[in-house]
Amino acid sequence: MDHVVANSTLGLTLPMQIDHPKISFASKETDFVEWTGDILAVGVTEQDMTKDKNSKFHNTVLEKLDAKLCGLLSEVSCEEDFTGKAGKSVVIRVSGLGPKRVSLIGLGKGPMGPSSFRGLGESVASAAKASRANNVAVALAFSEGLTFESKLATASAIAKGILLGTYEDSRFKSESKKPTLKTVEFFGLGSGPELEKKLKYIEDICSGVILAKELVNAPANVLTPAVLAEEAAKIAATYSDVFTSMILDIDQCKELKMGSYLGVAAASTNPPKFIHLCYKPPNGPVKTKLALVGKGLTFDSGGYNIKTGPGSMKLMKFDMGGSAAVLGAAKALGQIKPPQVEVHFIVAACENMISGTGMRPGDILTASNGKTIEVNNTDAEGRLTLADALVYACNQGVDKIVDLATLTGACIVALGPSIAGIFTPSVELSKEVVAASEIAGEKFWRLPMEESYWDSMKSGVADMVNTGGRHGGSITAALFLKQFVDEKVQWLHIDMVGPVWNDKKKAATGFAISTLVEWVVSNSAS
């Protein structure tokens, strides 16, 4: 029976109807205690929730709100034993006192960063969904002590949490509830053109995050390499003032001698597509050239080293999470249009399947830089596709490369499900990416590139094997990738197998897009 490629219009780049709530900023003179609407959400720390012997709040903001609510805030927080711990919240339904509901959302002891405030925004979105709220007000019990810069960063993080928390991917459901939240008003976090500009920037990033979520969530019978390439081309067409696109087919990849990449693709009836988008600023000189390279396995069966064990294969649609991050960042940057920086977005898209034409354990592949690889495990395929993608990126004359891949189970064993591992010989580039991740509120940890481990990657018949021993698997994978990067180019590898997927929500997270955007923007300003 012939394989049937799904003929679907996903509407990913020009997304399905997403009605984001309108976010506005109340003037300094407006008191949130007098606000009327569906939900008044107040972020509180554990310190804010302390009370005196008469159960009165020490915090003047909560004391004022409690007086407005006739002591109900103090009473319910005691009954619910709500102390402001991070991740905890309490909702009070009130009548005739202004808002219909008041929600206290815990932020913990502090210090608080972007991830804490993004979590606050997600909690606000969750509360709005649960109560089918149309309008929400957001305030902090401690906003009076924040600087303008802190207010700007805080409002941005909360807004991101609300925008992404409100969104729900329902494309593949027969029935779904549309979000009801229409407006969100921020109190005590400032107002003016700088905040409005920052909010637009956050909305642009969120559009890229949503694209990445939709790409990763899409099943492999819908999102084939060809469809992924179509979505990339749509980004270039939508932002044609700054983007060009080139999609290489199998014959063009053969001309470039991409034997490592094509070896992985050989078993599938869905042909590989090599994606190259190029961003150039609309005006002014280019001072820095960057490349973002993403692993693009739209499905990974493991090949002849087939994946075994419960649940080991069914989620392998997410093995293109690196490419989703790259394309999500491309979409965001097409709207932001940073100056003085050229960015190449590169994905070697394919499937790793099983057939008579597929690569076998023991086969030797030759990458486009001439290096030979003995395949001792067909399930270590992502690094084989990245090898030729990295060579291609270096040939574009870039100064710096960041690659992203759901590469090794070893990394999730080392760092757990919420932290990505980074590997690089460059201290400077590591600092750049970590600084960007701190602004984005995403978690990365630099792991060593222990050169002595390369001994386990040596082959008796080729230049190298594609997997080493069981121990230090994420390190040996990074050392493998290093063999395909020009020494003159600064390079950093991100192993993101853990944070790309949320097991609890059974959905993609959109991880790394925010960090990539912040990194590119920081390079445009340097």
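Between Ser355 and Glu451, the modelled label-to-label distance comes to 4.3 nm, taking each label 7 Å out from Cα in the direction of the beta carbon. With just the Cα atoms defining each centre, how far is region 511-525 from region 209-227? Give it in Å. Distance between centres, Cα-based: 22 Å. Only Cα pairs under 8 Å and 6+ residues apart enter the sum, and on that basis the relative contact order of region 190-300 stands at 29 percent.
Which GluC sites (Glu not before Pro) from region 101-167 combine a DSSP loop assignment with at most 10 other Cβ atoms within 10 Å? Walk me through the numbers before you get to the answer.
Numbers: sites: Glu122, Glu144, Glu149; in loops: none.
Nothing satisfies the criteria.
How long is the gain from Ser522 to Lys431 if the chain were fully straight, where each residue apart is worth 0.36 nm and the alpha carbon distance is subtracted? Each step should come with its number before you reach the end.
On the way: separation 91, 0.36 × 91 = 32.76 nm, distance 1.18 nm.
Computed gain between Ser522 and Lys431 is 31.6 nm.
Taking a Cβ cut-off of under 13 Å around Glu122, the surrounding Lys, Arg, Asp and Glu residues balance to a net charge of +4, with basic ones at +1 and acidic ones at -1. Calculated from the structure at hand, Cα extents along the principal axes in Å is found among (i) 96, 55, 54; (ii) 96, 69, 49; (iii) 80, 52, 49 as (iii).
Heavy-atom accessible area per residue, the chain, 1.4 Å probe: how many Å²? Intermediate values should be presented prior to the final figure.
On the way: 22370 Å² over 526 residues.
With the other protein chains kept in place, the chain gives 43 Å² per residue.
Working from Cα pairs under 8 Å separated by at least six residues, relative contact order for the chain is 14 percent. P(r) tail, region 119-277: Cα-Cα pairs separated by more than 29 Å, 41% of all pairs. Shape class of region 427-526 from the alpha-carbon gyration tensor: oblate, with a/c at 1.5 or above and b/c at least as large as a/b. Averaging Cα coordinates gives a centre for region 50-122 and one for region 330-382; these two points are 50 Å apart. The calculated FRET efficiency for Ser95 paired with Thr147, based on their beta-carbon distance and R0 = 45 Å, is about 0.75. Dividing the mean sequence gap of close Cα pairs (under 8 Å, 6+ apart) by how many residues region 329-402 holds gives a relative contact order of 26 percent. Charged neighbours of Ile205, selected by a Cβ distance under 11 Å, balance to +1 (K, R count +1; D, E count -1).
How much of the pair distance distribution for region 310-391 lies past 19 Å, counting alpha-carbon pairs only, in percent? Show your work: numbers first, answer last.
Numbers: 1763 of 3321 pairs.
The share of Cα pairs beyond 19 Å in region 310-391 comes to 53 percent.
Share of carbon and sulfur in the accessible area of the chain stands at 51%, probe radius 1.4 Å. Other residues whose C-beta falls under 15 angstrom from the C-beta of Gly161 contribute a net charge of +2, scoring Lys and Arg +1 and Asp and Glu -1. If the chain linking Thr180 and Asp463 were pulled fully straight, counting 0.36 nm for each residue of separation and taking away their Cα-Cα distance, it would gain 96.0 nm.
How would you rank 128-137, 385-394, 355-364, highest first, on the average number of other Cβ atoms within 10 Å across their residues? Intermediate results must be reported in sequence, preceding the final value.
On the way: 128-137: 19.4, 385-394: 27.0, 355-364: 13.8.
For the peptides 128-137, 385-394, 355-364, the packing ranking is 385-394, 128-137, 355-364.
Note on the chain: helix-only mean residue ellipticity at 222 nm, from DSSP H runs of 4+ residues weighted -39500 (n - 2.57) and normalised by residue number, equals -10500 deg cm²/dmol. Checking the cross-link pairs Lys64/Lys177; Lys22/Lys68; Lys88/Lys198; Lys182/Lys280; Lys88/Lys173 against a 32 Å limit on the alpha carbon distance flags Lys64/Lys177; Lys182/Lys280 as lying beyond it.
Report the gain in length on full extension from Met313 to Thr366: 0.36 nm times residue separation, minus Cα-Cα distance, nm rounded to one decimal.
16.3 nm
Just order 239-249, 272-282 by mean Cβ neighbour count inside 10 Å, highest at the front, would you? Before the final figure, lay out the partial values.
On the way: 239-249: 15.9, 272-282: 21.6.
My ranking of the peptides, most packed first, is 272-282, 239-249.
Each label was represented as a point 7 Å from its Cα along the Cα-to-Cβ direction; for Lys257 and Arg470 these points are 3.8 nm apart.
List the chymotrypsin sites (Phe, Trp or Tyr not before Pro) within region 130-227 that fall in a DSSP loop (any state other than H, G, I, E or B) and whose Cβ has at most 11 other Cβ atoms within 10 Å. Intermediate results must be reported in sequence, preceding the final value.
On the way: sites: Phe142, Phe148, Tyr167, Phe172, Phe186, Phe187, Tyr201; in loops: Phe142, Tyr167, Phe172, Phe187.
Listed in order of number, the matching sites are Phe172.
The values are calculated or read from the model by the stated rules, or taken from the named source; none is laboratory data. Please read these numbers as outputs of a predicted model, since none were measured by experiment. Cβ atoms come from the backbone with ideal geometry, glycine included; neighbour counts cover every protein chain shown. To get the accessible areas, we keep the full protein, side chains included, count just its heavy atoms, and leave off ligands, DNA and RNA. Shrake-Rupley method; radii C 1.70, N 1.55, O 1.52, S 1.80 Å.
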